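**Q** Sharing a structure below in structure tokens format, with a few things to ask.
The values are calculated or read from the model by the stated rules, or taken from the named source; none is laboratory data. Just so we're clear, the structure is a prediction, and the values are computed from it rather than from any experiment. In this analysis, Cβ positions are derived from the backbone assuming ideal geometry, glycine residues included, and neighbour counts consider all displayed protein chains. We work out accessible area using only protein heavy atoms, side chains counted, and drop any ligands, DNA or RNA first. Shrake-Rupley method; radii C 1.70, N 1.55, O 1.52, S 1.80 Å.
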Amino acid sequence: MDNQELISALADGQLQGEAFALGVQAACADPRGREAWYSYHLVGEVLRTGKAGTGTAPDVFLAKLQRRLRDEQAAAAPQPASRAVVLPVREAANDWVWKLTAGVASMAAVVAVGWNVYGANGAGTQPQLASAQPSAPAVLEASAAPMIRDARLDRLLAAHRQLGGGTALSTSSGFLRNATFEAPSR
Amino acid sequence: MAPGFARIAPSLARRRVAQGVLAFWTAGALTVAATAAPRAADPQAERTVSEWLARMHDASRQRSYVGTFVVSSSNGGMSSARIWHACDGQRQVERIESLSGERRSTFRRDEEVLTFLPESRTVRSEHRDSLGVFPELDKLDQATIPEFYSAQRVGSDRVAGFETDIVQVLPKDALRFGYRIWSEKRSGLVVKLQTLDEGGKVLEQAAFSELQMDAPVRMHQLLQMMAVPVGWRVEKPQAVKTTPGAEGWALKAPVAGFRSLNCYKRPAEGVLQWIFSDGLASVSLFIEDFDRERHVQEGLFASGATHTLTRRVQDSWVTVVGEVPPQTLKAFSLNLERRR
């Protein structure tokens, strides 16, 4: 088994004992191993659920972004070179201002991507606002802005289903309803 | 009589017309039952809400069955599962294999519940106290359920190939939902259940689409399947029993019909869970420290029959969850107070 196969088997949870140790070693050894480890998980998730919820590995994403920023900077740099006076300033800027800019831009991009992923998840699972239902009485000062249903709320709902079923119907249909309906908290 | 009858009227109208004389007879029987509550000759017409519920509960202890169970909610969600249920009059074992969403198998041996999640090779092991409380609920049942709910047999129907009685369990106030229950005629088994809002609209529906009664389900075979495979991780949600008083919480006034059942500390989530039940619906109050960053949105939302309300109470953040109308959640959140 080559390293890629080892990492694949590890991601599928098929390795035991010494093979497991080798797999972990292969996955941790270098950036390529780490990228493979991440990719196999992504592929697995897409195959299972039909969608990718995890996005690109952070270090891969950042490395790509910084490379692109460097390329753009290299392309932009020769233009002002005709003005001799400005050149030294630009040279100096290349050393640290660009690094700083790239750093800030990377952070901003990560935040933006994170925000989008969060927003997309929220929209996908977002339940109906009760205020939008004509049947719900208008007794509550429910805000007009939709409340994002987050993972934490899902855990509380699961806890309610787990311990809150003390009713006369729980042994007949209540438990079946909960177990059928339940989305396990990931 | 009039409001209750109005609620069932739309969905049953066509069937009523089709059934002609039978419909007329049913309406007549209902009117008699409602006005004078006499002991009618038909044994099915005179069962009280407690008797109906006890009959449904007993059926799940006496009968073995295999079937496909479908749950759908008013906001479009739908899930289904394959069910195996075995019992010997004392113990119950159940296997629920999800057919929708993430793959999972749930096994229940009385109050012990194992959920197998093959994708993450995890088994969640839980003890559900609430499933064992029915003997205690018998008392609650006698005292509380008839005070807040009434039951009427409103007709017959065929569900999953079985003849059933349609039993309407309606609340007597606005703090709880109503239910329409299809109970198999001979055994009493619940084969279909609808949760209804105050206007009679169906919030959630659960039903067997296919059912095989008295199927040869072997209890020991199901028990063997509950063994945790080698290499799987076992997760045990931690819930430590406590009392609201010991945690410094109380209700200024009780919410009519709801009795405090249990109170747990959940260290993993950092919350206190205080559980109430009126015998048919349950409400959980989750209390945690207020966090300016996370707890920004007070509000209410619904998913099927389950409603959730979030609200800041003094220096705490309260999330109230239950299969009850919004006003009940509001009553709980307004009555909750910190005693120390």
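**Q** Taking 41 Å as R0, compute the FRET efficiency from the Cβ-Cβ separation of B:Asp291 and B:Gln62 and round it to 0.05.
**A** 0.25
**Q** For the stretch B:44-98, run through the trypsin sites (Lys or Arg not before Pro) and keep only the ones in DSSP coil with at most 16 other Cβ atoms within 10 Å of their Cβ.
**A** Filter output for the stretch B:44-98: B:Arg91.
**Q** Here's another thing I want to ask about it. When the Cα centres of the stretch A:2-24 and the stretch B:166-200 are compared, how far apart do they sit, in Å?
**A** The distance from the Cα centre of the stretch A:2-24 to that of the stretch B:166-200 comes to 53 Å.
**Q** Determine the dipole magnitude for the stretch B:212-279: charges of +1 sit on the beta-carbon of Lys and Arg, -1 on that of Asp and Glu, nothing else is charged, the reference point is the Cα centre, and the result goes in debye to the nearest 20.
**A** Approximately 180 debye in magnitude.
**Q** Follow-up question, since we're still on this one. Averaged across B:274-286, how many Cβ atoms of other chains sit within 10 Å of each residue's Cβ atom?
**A** 4
**Q** Moving on to the next point. Which residues among the stretch A:1-45 fall inside the zone where the amide N is under 14 Å from a point 7 Å beyond the Cα of B:Val230, along Cα→Cβ?
**A** A:14-18
**Q** Report the A-B buried area as the accessible area lost on both sides summed, probe 1.4 Å, in Å² to the nearest 100.
**A** Roughly 5800 Å².
**Q** Let me ask you something else. For an R0 of 41 angstrom, estimate the FRET efficiency from the Cβ-Cβ distance between A:Glu5 and B:Glu112 and round to the nearest 0.05.
**A** 0.50
**Q** Name the residue farthest towards the positive end of the dipole of the stretch B:269-332 from the options B:Ser303, B:Ser282, B:Pro325, assuming +1 on Cβ of Lys and Arg, -1 on Cβ of Asp and Glu, about the Cα centre.
**A** Selected residue: B:Pro325.
**Q** Per 0.36 nm of contour for each residue apart, how much would the distance between A:Glu72 and A:Asp30 grow if the chain were fully extended, relative to their Cα-Cα spacing?
**A** 12.4 nm
**Q** Let a ≥ b ≥ c be the square roots of the eigenvalues of the Cα gyration tensor of the stretch B:185-283; is it rounded (a/c under 1.5), or, if not, prolate (a/b larger than b/c) or oblate?
**A** oblate
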